[in-house]
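Read the structure below first, then the notes.
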Amino acid sequence: MRDQPSDVPSRRSPRSVAPQSVAPRSVALVGPQGSGKSTLFEALLAGAATAPTRRNDLRGTSTELRIAHCQMADTHWAILDCPGSVEFSYDVDCALAAVDLAVVVCEASAARGANLAPLFRRIEETGTPALVFINKIDALVGTVRDCLAALQAQTRRKLVLRQVPIREGDRVTGYVDLVSERAYRYRHGAPSERIDIPDFMQARKSEARGELLEALADHDDALLEKVLEDLTPEPAEIYRPLHDGEGSGAVASVLLGSAEHGNGIQRLWKALRHDTPVAADTAARRGVDSAGAPLAQVFRTLQAGHAGRLSFVRLWRGTLEDGATLGGQRVGGIYRFPGGETEKLRQAEAGDLVALGRLEGVRTGATLGGPLLPFPAPPPTVYALSIVPEERNDEVRLSTGLQRLTEEDPALTLVQDAESGTTILGGQGEIHLRTALDRLIAATGVKLRAAPPPIAFRETIRHGVVQQARLKRQTGGHGQFADVKLQIAPRPRGAGFHFDEKVVGGAVPKRFIPAIGQAAEEATRKGPLGQPVVDIAVTLLDGGFHTVDSSDMAFATATRMAMQEGMAKAGAILLEPVEAVVVTAPADFTSTVQRLLTARRGQILGFAAKEGWEGWDEVQALVPAPELIDFIIELRSQTRGLGNYVHRFDHLAEVRSR
């Protein structure tokens with residue numbers, strides 16, 4: 001039987017526990033896919049003073065935000081394991097809005113340093129304190145110096161190395177702590193063993209420690225005096241500027257380890273205990289007034305099956321009791337999730353990350369109990385699918401399931417296409433949408449057909465024509481008679497439809513002209529090529545009528561006949577929407593991006609350095625909308641997953657071959 005996920009209540013009755021007496025703290029593990037975040041997540045929980053969490057693979061650890069609680073010493077912690085794929089980056093944004101500190105997890109390879117740039121920008125934009133954990137140190141490629149330099153190129157914060165690895169041959173066997181000046185040997189699955197600093201490490205230790213002190217002295221006058229006077233500072237005199245610098249966002253510590261082997265985990269815990277801001281400091285950074293009624297913000301929504309709807313919140317201030325009213329909603333349970341189980345709390349306190357039950361209608365990002373707090377907006381859609389149920393009687397279940405799906409994941413968009421009548425589900429990439437559809441099918445049991453979304457093609461005419469049509473029908477009583485002579489002419493692109501009349505001598509009575517204009521416009525809904533017709537002018541030149549048999553209906557029918565015949569003779573051409581596209585990627589891939597765009601009939605408008613992103617470019621282009629359907633897939637595959645783009649409709653243009 002599969003283990004119950006750590007962020008969903010278990011089937012057992014939850015045990016009620018008293019609230020903790022020490023203010024809780026929280027961290028988010030963030031980093032590129034493959035960096036080992038989930039392994040570190042498990043290792044931190046195993047290294048805390050709580051039972052190890054059971055593995056949660058209900059939806060795959062790489063595609064969903066996980067949360068678990070543990071206790072280290074006298075403090076309760078919430079740890080968030082964020083997906084690494086760029087397609088789930090909004091989960092990272094939501095997590096950063098809720099936690100006290102981010103742990104940036106990366107591989108021990110300089111070649112992968114560029115993968116951290118978008119993540120560092122998110123952290124810097126939110127002002128979230130952070131430290132870096134270089135994982136898989138046992139598989140170090142090159143040197144830590146090279147790795148640190150590659151990471152430093154991706155962030156404006158000063159990265160300060162707090163440990164240097166001990167290498168014996170090709171193996172990393174331990175590290176030297178630069179603050180305490182102590183050396184440790186790694187042991188598989190066990191705490192590191194303290195050893196004497198090897199003689200061959202003395203010079204490297206002194207060099208790295210000097211760099212650490214110089215970096216911190218830039219932000220601490222007392223330490224600067226010691227450095228200038230060539231005095232040896234006490235560890236406490238180093239920890240203080242480290243803590244303050246990380247809290248202000250000026251610096252970020254860099255630690256080493258291997259989560260898979262349990263190396264460096266206890267040292268990381270010590271750094272977290274010392275450097276993670278307390279809840280009150282984080283609330284102040286977010287602009288939350290400490291005085292007042294309980295205030296919470298939803299950072300995740302989950303449809304938890306039998307447990308119902310769960311809203312994961314950060315309680316920014318006050319004490320919240322189960323059953324209390326918050327933001328006009330009655331709280332139907334307060335939960336946290338240690339060791340893969342569920343604890344039901346009688347109350348939560350400021351700083352807690354907990355799940356609240358039964359907050360119907362409350363969406364991710366909502367603020368409860370006070371004024372609206374800032375929250376990241378979902379990213380724009382870059383990939384979409386048209387979905388329909390295989391059975392028509394499943395439409396209601398599908399609609400309900402889609403509504404819940406978009407409530408869970410605000411990075412998904414839902415649009416009903418008026419022309420095709422299909423439902424368009426948009427998101428951040430193929431994996432993002434396929435994962436969402438798998439969840440939808442599992443939750444509803446509805447069988448679906450998915451296809452590329454329809455393109456809003458249009459058509460127009462090349463040249464003008466004059467077309468006459470006569471309707472003459474005798475049915476026994478009153479007959480039907482109408483005669484119209486229309487001029488149909490092209491208009492400039494984007495000018496739209498226009499109707500006019502130049503009838504003289506009363507050939508067509510004034511009372512019938514509105515019906516003719518309306519029928520002419522209705523006839524543009526489907527042209528000779530099967531698409532709506534745009535940018536044409538229709539002028540009524542002449543016609544004829546019968547005093548008894550003419551009517552609005554007769555003139556409308558004659559007008560539609562004239563429009564159908566005339567547009568077919570006027571040289572119909574197919575138009576496609578053209579999008580203004582801005583592609584963002586590392587400068588090393590600028591030529592690749594340009595090649596991809598031109599291969600998709602794109603017109604390059606230019607490129608420039610991306611403001612605030614050193615080493616990144618933005619490429620501007622005009623690209624036909626049909627070429628963008630799967631563009632994000634190729635773009636990411638050609639840019640190591642780093643490329644992204646935004647787009648907006650620009651104009652309609654004649655469809656041309658490649």
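Tabulated results
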{"read-out": "Every residue from segment 415-428 that is modelled with pLDDT of 95 or more and touching a helix residue (DSSP H, G or I) at 6+ places or on another chain (Cβ under 9 Å)", "value": "LEU425, GLY426, GLY427, GLN428"}
{"read-out": "Whichever residue in segment 290-336 is buried (at least 22 other Cβ atoms within 10 Å of the Cβ) and of a type in the set (Gly, Ala, Ser) and, among such residues, is nearest to GLY357 (Cα to Cα)", "value": "SER311"}
{"read-out": "Pick from segment 291-315, criterion among the basic types (Lys, Arg) and within 21 Å of GLN403 (Cβ to Cβ), ranking: modelled with the lowest pLDDT", "value": "ARG309"}
{"read-out": "Cβ pairs under 7 Å, 6+ apart, first in segment 158-178 and within 21 Å of ALA130 (Cβ to Cβ) and assigned by TED's automatic domain parsing to the domain that holds GLY189, second of a type in the set (Ser, Thr, Tyr) and not in a strand (DSSP E or B)", "value": "none"}
{"read-out": "Only one of LEU575, LEU652, LEU605 that is more than 28 Å from ILE431 (Cα to Cα), assigned to a strand (DSSP E or B) and free of Cβ contacts under 8 Å to residues at least 40 places away in the same chain", "value": "LEU605"}
{"read-out": "From the options GLU246, GLU229, GLU225, GLU211, residue that is on the phi < 0 side of the Ramachandran plot, surrounded by fewer than 17 Cβ atoms within 10 Å (Cβ to Cβ) and touching a residue at least 40 places away in the same chain (Cβ under 8 Å)", "value": "GLU211"}
{"read-out": "Residue count for segment 138-184, restricted to those that are outside any loop (DSSP other than H, G, I, E, B), of a type outside the set (A, V, I, L, M) and closer than 20 Å to LEU116 by Cβ", "value": "7"}
{"read-out": "Selected residue (only one of GLN518, GLN480, GLN474, GLN487 is closer than 19 Å to ALA570 by Cα and not hydroxyl-bearing (Ser, Thr, Tyr))", "value": "GLN487"}
{"read-out": "Selected residue (criterion: farthest from HIS498 (Cα to Cα)) from residues of segment 524-542 that are touching a Ser or Thr at 6+ places or on another chain (Cβ under 8 Å) and assigned to a strand (DSSP E or B)", "value": "VAL533"}
{"read-out": "Any hit, segment 215-222, residues being in a helix (DSSP H, G or I), assigned by TED's automatic domain parsing to the domain that holds LEU101, under 31 Å from the mean Cα position of the chain (by Cα) and at pLDDT below 95", "value": "no"}
{"read-out": "Segment 330-361, subset out of contact with any strand residue (DSSP E or B) (no Cβ under 7 Å at 6 or more places or on another chain) and more than 24 Å from VAL278 (Cα to Cα), residue modelled with the lowest pLDDT", "value": "GLY340"}
{"read-out": "Hey, LEU315 in a strand (DSSP E or B) and either free of Cβ contacts under 8 Å to residues at least 12 places away in the same chain or out of contact with any Leu (no Cβ under 7 Å at 6 or more places or on another chain) (or both) or not", "value": "yes"}
{"read-out": "Exclusive hit being outside any loop (DSSP other than H, G, I, E, B), free of Cβ contacts under 8 Å to residues at least 24 places away in the same chain and touching a strand residue (DSSP E or B) at 6+ places or on another chain (Cβ under 9 Å), set GLY566, GLY517", "value": "GLY517"}
{"read-out": "Residue match in segment 493-503 (condition: closer than 29 Å to THR381 by Cα and free of Cβ contacts under 8 Å to residues at least 12 places away in the same chain)", "value": "no"}
{"read-out": "Count of residues meeting criterion [assigned to a loop (DSSP other than H, G, I, E, B) and small (Gly, Ala, Ser)] in segment 187-204", "value": "1"}
{"read-out": "Those strands (runs of 3 or more DSSP E) lying entirely in segment 367-471 with at least 2 residues out of contact with any strand residue (DSSP E or B) (no Cβ under 9 Å at 6 or more places or on another chain) and assigned by TED's automatic domain parsing to the domain that holds VAL582", "value": "none"}
{"read-out": "Check on ALA507, small (Gly, Ala, Ser) and not in a loop (DSSP other than H, G, I, E, B)", "value": "no"}
{"read-out": "So ARG358, is it surrounded by fewer than 20 Cβ atoms within 10 Å (Cβ to Cβ), basic (Lys, Arg), without any contact (Cβ under 8 Å) to a residue 60 or more places away in the chain and at positive phi", "value": "yes"}
{"read-out": "Residue satisfying condition, being in contact with a Pro (Cβ under 8 Å, 6 or more places away or on another chain), farther than 28 Å from GLU430 by Cβ and surrounded by 15 or more Cβ atoms within 10 Å (Cβ to Cβ), within set ALA554, ALA568, ALA562", "value": "ALA568"}
{"read-out": "Options ALA482, ALA456; residue that is small (Gly, Ala, Ser), within 30 Å of VAL508 (Cα to Cα) and either surrounded by 14 or more Cβ atoms within 10 Å (Cβ to Cβ) or in contact with a Lys or Arg (Cβ under 8 Å, 6 or more places away or on another chain) (or both)", "value": "ALA482"}
{"read-out": "Subset of segment 179-208 that is under 16 Å from PRO233 (Cβ atoms) and charged (D, E, K, R) - its residue that is surrounded by the most Cβ atoms within 10 Å (Cβ to Cβ)", "value": "LYS205"}
{"read-out": "Set ALA28, ALA18, ALA48, ALA23: member being within 18 Å of PRO277 (Cα to Cα) and either of a type in the set (D, E, K, R) or modelled with pLDDT under 90 (or both)", "value": "ALA23"}
{"read-out": "Search result, residues across segment 250-265 that are assigned to a loop (DSSP other than H, G, I, E, B), surrounded by fewer than 22 Cβ atoms within 10 Å (Cβ to Cβ) and touching a helix residue (DSSP H, G or I) at 6+ places or on another chain (Cβ under 7 Å)", "value": "GLY262"}
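The values are calculated or read from the model by the stated rules, or taken from the named source; none is laboratory data. None of the values given here were measured: they were computed from a predicted structure. Here the Cβ is made from the backbone with ideal geometry for all residues, glycine too, and neighbour counts use every protein chain on show.
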